[in-house]
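Nothing in this text is a laboratory measurement; each read-out follows from the coordinates by a stated rule. From a predicted model like this one, the values you see are computed outputs, not experimental measurements.
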Amino acid sequence: MTGLQDLEQQMFTFFEQTPDLVCIASKDGFFKKINPAVPAKLGYTKEELFLKPISSFVHPEDKAITATTRQNLLEGQALINFQNRYIAKDGSIVWLEWTSIYFAEKELVFAIAKDVSKRKKSELEIEEKYFHFKDLASHFKTSLEKDRKYIAVELQEELAQLAAVVKMDIDFISKNETSLSATTLKRIEHASAISGLLINTIRKISFSVSPNMLDDLGLNESLKWLCREFTISTNIPCRFESHCKEKVLTHEVQLDFFRICQEALNNIAQHAEAKTVKIRMIEVGGSICLFIMDDGKGFSVKCAGQKSGITNMMKRAASINGQLELTSEPGKGTTVAVKIVKGSNA
């Protein structure tokens, strides 16, 4: 009996002296017993705390989640490290982290809470800074794309048209000047062919700088075109297939998917020595996955380091809350996989 009394005394001492908020509440949501830390933290007297339902001290925005969590507790679900806000008597907000147990036979809830206000304030400040920098990054990326678009228009409408005029003049001379020597005619034919190649190159560069087709025809058609152009320029068969609705992707995500494919195909053309390439876009559960796969010579991912192409793709993926995974082994090709959650970048 003495041992039991000692245990009860120890429990009472802990209950009264711990800096954590300790309370016993009834099933209907009223305080039945509280330690001194509760009124000290919230600024109310014991009588004021006992008079009203506990929910009346909860921050209005947290009442619904608190009620749901409490109901789950009464139904036998453990409550561990649950956070919500309380409004102190002076109007200040106190963040509490609760661990609670419900004793069904006595219809009582035993709960312990820690004041995590300082930690929560730091977390919210970090989160605010994160979104601030994310907005800045998005702004800079948007500005960059606008500049790219301007350059693309200038290339297409100015340089390409000027080159076209030059080609027309060369062709005119070739057809109408009959007194030219064979050598001169040959040089003119060569100049005509080069000017035609120049026009096509300007158009390709224009599209590469800013894919206007993306706005007009959408991501799927743009990636099909990209694959065709890659095949023409490298003689490496490149196939695209899609099993998802591109409309679920924001314009920003579509643009970054396109840029990642551009970067990946550029890396393949320069380093992979691949025989075939495949781009695949699928929807898995609540996620959209983009794969760029080649059967080239591969490489050791651990030894790849921070190569600019890989780094650029990773930064692109991170900017749209995506995850990029690079899989490769010497002799086994390479797969670039990008995964984003639908709606994560509205």
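Past the 19 angstrom mark, what percentage of all C-alpha to C-alpha distances in region 236-346 do you count?
On the way: 2517 of 6105 pairs.
Every Cα pair in region 236-346 considered, those over 19 Å come to 41 percent.
Need one word for region 2-115: rounded, prolate or oblate. Basis is the Cα gyration tensor (sqrt eigenvalues a ≥ b ≥ c); a/c below 1.5 gives rounded, then a/b vs b/c decides. Oblate, because a/c is 1.5 or more while a/b does not exceed b/c.
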